[in-house]
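Report on one structure; see the data block that follows.
The values are calculated or read from the model by the stated rules, or taken from the named source; none is laboratory data. Bear in mind the structure is a predicted one, so any value in this text is a computation, not a measurement. With ligands, DNA and RNA removed, areas are computed over all heavy atoms of the protein, side chains included. Shrake-Rupley method; radii C 1.70, N 1.55, O 1.52, S 1.80 Å.
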Amino acid sequence: MHLIYFLLIGLAAGWLAGQIFKGKGFGLVGNLVIGCVGALLGSWIFGALGIVANSLIGALISALVGALVLLWIISLVKK
């Protein structure tokens with residue numbers, strides 16, 4: 001069940017990150033993949049800062065931050 005929750009949160013975070021980065025995303029499917037990878041990155045970033053996301057909203061925020069950071073890094077590399 002944890003894997004399903006992780007994927008759903010990652011998909012939601014990727015969609016939200018695509019909406020925030022209007023025009024700089026990678027389409028729907030690309031942003032969803034970015035969201036899943038961003039969820040891993042976000043949990044690592046929050047863990048490094050000592051922040052624990054125990055709730056669904058906290059996990060979504062963590063994944064969203066990770067997806068935004070990942071989209072930002074990818075946009076820097078694409079230039």
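Expressed as a whole percent, the accessible area of the chain that falls on carbon and sulfur atoms is 77 (1.4 Å probe).
Would you mind calculating the gained length between Trp72 and Leu3 on full extension (0.36 nm times residue separation, minus the Cα-Cα distance), in nm to one decimal?
Working it through step by step, the gained length comes to 22.3 nm.
For segment 37-51, putting each phi into the Karplus relation 6.51 cos²θ - 1.76 cosθ + 1.60 with θ = phi - 60° gives couplings of 5, x, 5, 5, 5, x, 5, 5, 4, 5, x, 5, 8, x, 9 Hz, in residue order, rounded to whole numbers and with x for Gly and Pro.
Derived from the Cα gyration tensor, the three semi-axes of the equivalent ellipsoid of the chain are 20, 14, 9 Å, largest first.
Per residue, how much accessible area does the chain show when a 1.4 Å probe rolls over the protein heavy atoms, in square angstrom? If you can, show how the numbers build up before the last one.
Working: 5120 Å² over 79 residues.
For the chain, the solvent-accessible area averages 65 Å² per residue.
Hull volume per residue, based on the alpha-carbon atoms of segment 1-43 and their convex hull, is 54 Å³.
Once the chain from Gln19 to Trp44 is taken as fully extended at 0.36 nm per residue, the excess over their C-alpha distance is 6.7 nm. The mean sequence separation of alpha-carbon pairs under 8 Å and at least six residues apart, normalised by the residue count of the chain, gives a relative contact order of 36 percent.
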